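Novice: Please see the structure below; I have some questions.
Only the coordinates and a few stated rules stand behind these numbers; no lab work does. Every value quoted in this text rests on a predicted model; they were computed, and no experiment measured them. Virtual Cβ from ideal backbone geometry, glycine too; neighbours counted across all protein chains shown.
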Amino acid sequence: MKKRLLALTILGVAALSVFGCKKEEPATTEVVTTEEVTTEEATTEDPHKGEFYNELTGEWSTDYVPKRPIAIMINNIVDALPSSSTQKADIIYECMVEGGITRIMPIFSEYDDIEKLGSVRSARHYYINIANEYDAIYFCYGQSAPAKKILNKGAIDAVNGLTYDAGYYRDNSRVAPHNVYTTSEKIKKGIEDFGYSVEYSENHEKVLSFNESDTDLENGSVANTVHVSFGSYMKPYFVYNTDKGVYERYEYGKAQVDNMAEEGNNILTFKNVIIQQSAYECINPKNDLQELTQVGSGEGYYCTNGKAIPIKWEKADKKSKTKYYTEDGEELLLNPGKTWISIIGNGEGAGVSFE
């Protein structure tokens, strides 16, 4: 900002004779020279100018275009593996379903270059609740009875293969029901045909919070291997790769891979691993249908960079976001990157251990 200070003093002396004719004396003018004072205001340049923020990963990019994500139900039993295109997901949730097995729900912020995604399975009501926290468009093929009630009410924007077969196809090289897949083209067609908006709602709020840059945990316990037990059967684990700075996912005694990724670089990897401890309850003994406690509070662990800390989670009501906190009550900040979230129960055989 520039300010101009101008001081001008004019001294005039005029003599007027009261006798005889007028006589005008010349004016005498004294000018004080102009002085300029310049003040430069300090400016801070935006480090993310021209970039957009991905709230699923905490990363900034000029290539990313913010829009509603998609969440899709993916098979996770040994007969259905390896999965396809799950490595492209930003977040993956893992919850227990019937028979002690788990199912996963990858969430994608970008889905423009998916050649084959699956295999796709049926909905569970607590997965729908999680997808709604992210304002995601939900993809599934079939549903449980409680999930059907939610879907019929239109509680989430969904593309269900049982009522919209055009969104999916079957791979005849796989055995049913593990042979349902989708593609970018079919995903976009489903969204368009149902008239779903790809823009976030006006009242949308993010779920996860992130550090500005990669930050090591203070006073964290060693967690080079993270064992996550859902019970007597499902016992996946994560191994920290020090060279890449990420956790590699293992299941059924071997690395969990994506068969659409480049061989040699196809293991599912994550910068962050969250283990959320809650409670499962069987609500239909005939088919072992499960209910997951999602509202309330509980404990868990956050793992990154080979270390782990205890955390707490809270969800005020069904429409609220699940929030994570450190033991001292501060909001948990994740490191920028992909996140795996396992929600385990408190039954026999369930738990977490570290090496």
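Novice: Measure nothing but the geometry: give the 0 to 90° angle between the long axis through the Cα atoms of 184-194 and the longest principal axis through the Cα atoms of the chain, rounded to 10°.
Specialist: Approximately 80 degrees, to the nearest ten.
Novice: Let me ask another. I'd like to know how segment 244-289 sits against the 2.2 N^0.38 Å rule of thumb: what's its Cα Rg over that expected value? Intermediate results must be reported in sequence, preceding the final value.
Specialist: Details: Rg = 16.1 Å, N = 46, 2.2 N^0.38 = 9.4 Å.
Relative to the rule-of-thumb radius for its length, segment 244-289 sits at 1.71.
Novice: Among all the lysines, which ones have a C-alpha under 25 Å from LYS244's C-alpha, if same-chain residues fewer than 8 places away are not counted?
Specialist: LYS88, LYS235, LYS254, LYS271, LYS307, LYS338
Novice: Can you give me the Rg/Rh ratio for segment 265-324, using Cα atoms for both radii and the Kirkwood formula for Rh?
Specialist: With Rh from the inverse mean 1/r over Cα pairs, Rg/Rh is 1.10.
Novice: Next question, about the same structure. Roughly how many debye, to the nearest 20, is the charge dipole of the chain about its Cα centre, given +1 on each Lys and Arg Cβ, -1 on each Asp and Glu Cβ, and no other charges?
Specialist: Details: 36 positive and 54 negative charges, 257 e Å.
Here the chain has a charge dipole of around 1240 debye.
Novice: Another one. Counting other C-beta atoms within 10 Å, which of TRP313, TRP340, TRP60 has the fewest, and how do the rest follow?
Specialist: Values: TRP313 20, TRP340 26, TRP60 16.
Lowest count first: TRP60, TRP313, TRP340.
Novice: Next up: Taking the Cα atoms of segment 40-111 alone, what are Rg (to one decimal) and Dmax (as a whole number) in Å?
Specialist: According to the Cα coordinates of segment 40-111, Rg and Dmax are 18.2, 69 Å.
Novice: May I pose another question? Could you give log10 I(q)/I(0) at q = 0.12, 0.15 Å⁻¹ for the chain, computed by the Debye formula over C-alpha point scatterers of equal weight, without solvent?
Specialist: Treating every Cα as an identical point scatterer, log10 I(q)/I(0) equals -0.89, -1.39.
Novice: Could you run the Karplus curve 6.51 cos²θ - 1.76 cosθ + 1.60 with θ = phi - 60° over segment 236-250 and give me ³J(HN,Hα) per residue in whole Hz, x for Gly and Pro?
Specialist: x, 8, 10, 10, 7, 8, 5, 5, 9, x, 9, 8, 9, 8, 10
Novice: Let me ask you something else. How big is the C-alpha Rg of segment 137-257 next to the rule-of-thumb value 2.2 N^0.38 Å, as a ratio? Provide the component values of the computation, followed by the final result.
Specialist: Numbers: Rg = 19.8 Å, N = 121, 2.2 N^0.38 = 13.6 Å.
That works out to 1.45 for segment 137-257.
Novice: Less than 18 Å apart at the alpha-carbon level, and either on another chain or at least 8 residues along: which aspartates and glutamates does that give for LYS189?
Specialist: GLU110, ASP112, ASP113, GLU115, ASP157, ASP165, GLU199
Novice: Which aspartates and glutamates, if any, have their Cα less than 12 Å from the Cα of LYS323, not counting same-chain residues under 8 positions apart?
Specialist: Candidates past the 8-residue exclusion: GLU133, GLU205, GLU299, GLU314, GLU331.
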